[in-house]
Each structure stands twice: as structure tokens, then as C-alpha cells.
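What follows is a set of notes on a single structure, which appears directly below.
The values are calculated or read from the model by the stated rules, or taken from the named source; none is laboratory data. These numbers were taken from a predicted model, which means no experiment stands behind them. Every residue, glycine as well, gets a Cβ built from its backbone with ideal geometry; the counts of neighbours run over all protein chains shown. Surface areas here come from the heavy atoms of the whole protein model, side chains and all, with no ligands, DNA or RNA. Shrake-Rupley method; radii C 1.70, N 1.55, O 1.52, S 1.80 Å.
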Amino acid sequence: MSEDLYLPYLRRHFSDATLHLDSIVQALWSNYGHIARIKGEEGKSIIVKFVDVASMPEHPRGWSGETSHARKLSSYRNEQNFYQYCAGALNAQYSDEGNGSMVPEHLLSDQADGHFTLVLSDLDGAGLHVRRSELDEKEVVLCIDWLARFHAFFFAV
């Protein structure tokens, strides 16, 4: 299991021997890995995105190959760069406005032995655990406002 690759590392890094796999949140695009919820002492949780960068899985619809593989790896690196270098400033600006965090906090990222691991705060623990399958008009406006604030922050950079 891939969690055997990252759990010992996370236990050492966070000095928490109780860290364990709580659940697999979802599989990644084309089976490149998964997103997992890891829990530790007192039920606190973190989110781990584990990517097997050495693999090039076969896609069921034939969307695989060197170009596809490179595009996926570039996407994962861009995501890591966003959380590592941009998310903190975005959250600081948003929380200064009294709105709390806008995106998960970057806790750790590592790339070694053909694997990429991105560790983020778990927004469920911050009270953002509701998932909607349908939105009313007011909720749609709130989503558009969130997207506008997100993009406006980076236009100002």
C-alpha cells in the first residue's frame, strides 16, 4: 500500500506516532495516486496527496503516453507551487478581511524515490465539511464571489 511509503515519514516529521490512514478521499486522475485523510492525536486530521510520479498508468480510454504523463506531472508541480508559495499570502489577505482561510494551508511537500507527497490542512476540521450537489441562486452568487476574490488577488500581484 502506498500509505506505507508516506506514513512513517509523516510520523517522524510531525512527531506523532499515532498518525494513521483514516480514509481515501479519492483516487487521482488516471490512477496516479490518491488523496487521503490522515488522523492523529485527538482526532486532528491532515490531507495527503500522494502521487506516484514514476508510474505511467494506462488510461481506460487510451489517454496515456509521454505527453499526457508530462502534462499530469506539470499539473501536480504547479499545484505544489501554488500551495507552497501562494496559498499563505492568499489566506492572510482573506483572513484579514475576517473571512478565515480561503484555501488549505501548505504543511509539507516532498519528492523522493519516484513519489510526490503534498500535505495540506484539512478544511473539514475548520468546519468546511459540507458538500453540495445542488446550489440555490444565493449559493451560486457566493461561489462566484469566492472565485472573483481568488482571481482578483492574483491580478493584484
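Listed values, structure above:
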quantity	calculated
Candidate set from the stretch 89-116 (those that are at pLDDT 90 or above and open to solvent by 50 Å² or more (accessible area, probe 1.4 Å)); member that is nearest to Phe14 (Cα to Cα)	Leu107
Condition met for Glu134 (in a helix (DSSP H, G or I), on the phi < 0 side of the Ramachandran plot, without any contact (Cβ under 8 Å) to a residue 40 or more places away in the chain and among the charged types (D, E, K, R))	no
Selected residue (criterion: nearest to Glu79 (Cα to Cα)) from residues of the stretch 117-157 that are acidic (Asp, Glu) and surrounded by 14 or more Cβ atoms within 10 Å (Cβ to Cβ)	Asp122
Residues within the stretch 23-56 that are of a type in the set (D, E, K, R), within 16 Å of the chain's Cα centre (by Cα) and open to solvent by 40 Å² or more (accessible area, probe 1.4 Å), tallied	2
Residues located in the stretch 83-125, provided they are under 22 Å from His34 (Cβ atoms), of a type in the set (A, V, I, L, M) and not in a loop (DSSP other than H, G, I, E, B)	Ala87, Leu107, Leu108, Ala112, Leu118, Val119, Leu120, Leu123
